[in-house]
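See below for the structure under consideration.
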Amino acid sequence: MTLAQQQALDEETELLIDNGSYWNIPLDDVQQAMADIPYRTRLEANASIQQRRYVDQQVLGNIYADAHADNILSILTVTANNLIHMVVQQKQQLKEKFAPETSNWLVVPYWLESLFSENPQFISAEKMGMKESMIRSGRVGTMQTMEVYSTPNLTTTGGYVQLTFGNKTAVTFANRYVKTESLRNPDAFGDLIRGLQVFGWKTVQPTHLGKQGAVQG
């Protein structure tokens with residue numbers, strides 16, 4: 001027989017980089033000379049932390065609204081007793097939408113992270129030797145093959161925090177530090193340390209993205 005050919009579809013997706021943030025911090029010469037700590041290093045490290053937090057707030061504060069209507073699960077009062085049921089239900093929903101069975105993720109608030117830590121089926125990032133990843137990305141471990149991340153930046157609506165879950169295929173994201181520099185402050189004895197980052201994101205597979213309102217039980 002003659003074999004039919006199936007052409008692979010390669011649709012182009014344009015990602016608009018339309019968000020940005022910066023820091024512009026004066027560093028006084030006297031403070032730097034008299035401080036008993038590496039003052040400049042501490043300021044730069046804190047600026048980097050604040051930048052990551054801002055990006056987290058912008059992305060997580062928006063993508064949950066892109067979840068496919070079928071993936072909006074019922075509001076849940078979460079306790080230690082129904083934690084596994086919640087994760088299994090979310091995972092099942094992604095499977096029914098033909099999301100890949102790997103690279104599934106769930107983002108939870110800090111209070112919910114503590115419930116995961118108390119559950120014997122939860123494999124913490126520390127046990128997997130992922131301490132650096134946990135600190136840098138908020139990754140706290142795995143349950144039912146769902147990678148669990150924690151953050152204080154999820155949106156709360158109507159008294160319920162919007163748990164966001166999905167697959168790596170759901171959202172595309174790009175981030176770049178365009179410039180970091182140090183220059184003399186023209187208005188004082190000291191330096192200016194400043195930097196600029198730009199970023200953007202886009203939900204490309206809404207069927208691979210879900211949300212669920214939750215409250216602590």
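The values are calculated or read from the model by the stated rules, or taken from the named source; none is laboratory data. Bear in mind that the values here come from a model prediction, so they are computed numbers and not experimental data. Here Cβ is always computed from backbone atoms with ideal geometry, including for glycine, and neighbour counts include all displayed protein chains. Surface accessibility is based on the protein's heavy atoms, side chains included, excluding ligands, DNA and RNA. Shrake-Rupley method; radii C 1.70, N 1.55, O 1.52, S 1.80 Å.
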### Query
Which residues, taken from segment 183-208, are touching a residue at least 60 places away in the same chain (Cβ under 8 Å), open to solvent by less than 80 Å² (accessible area, probe 1.4 Å), in contact with a Lys or Arg (Cβ under 9 Å, 6 or more places away or on another chain) and assigned to a strand (DSSP E or B)?
Gly190, Asp191, Leu192, Ile193, Gly195, Leu196, Gln197, Val198, Phe199
### Task
Give segment 67-84 a look and list any residue that's surrounded by fewer than 12 Cβ atoms within 10 Å (Cβ to Cβ) and at pLDDT 95 or above, or say none.
Ala69, Ser74, Thr77
### Query
Any idea how many residues of segment 162-178 are open to solvent by 40 Å² or more (accessible area, probe 1.4 Å), in contact (Cβ under 8 Å) with a residue 60 or more places away in the chain and of a type in the set (Ser, Thr, Tyr)?
2
### Query
From the residues in segment 1-56 that are of a type in the set (Ser, Thr, Tyr) and part of a helix (DSSP H, G or I), which one is nearest to Phe199 (Cα to Cα)?
Tyr54
### Task
Go through segment 1-28 and give me each residue that's open to solvent by less than 50 Å² (accessible area, probe 1.4 Å) and either over 15 Å from Arg176 (Cα atoms) or without any contact (Cβ under 8 Å) to a residue 12 or more places away in the chain (or both).
Ile25, Leu27
## Note on the structure
So, first residue under 21 Å from Gln58 (Cβ atoms) and in a strand (DSSP E or B) in segment 131-153, second residue at pLDDT below 85 and open to solvent by 50 Å² or more (accessible area, probe 1.4 Å), Cβ within less than 9 Å, six or more apart or across chains; the pairs are Arg139/Met130; Tyr149/Ser137
### Query
For the subset of segment 92-109 comprising residues that are in a helix (DSSP H, G or I) and in contact (Cβ under 8 Å) with a residue 60 or more places away in the chain, which member is least open to solvent (accessible area, probe 1.4 Å)?
Leu94
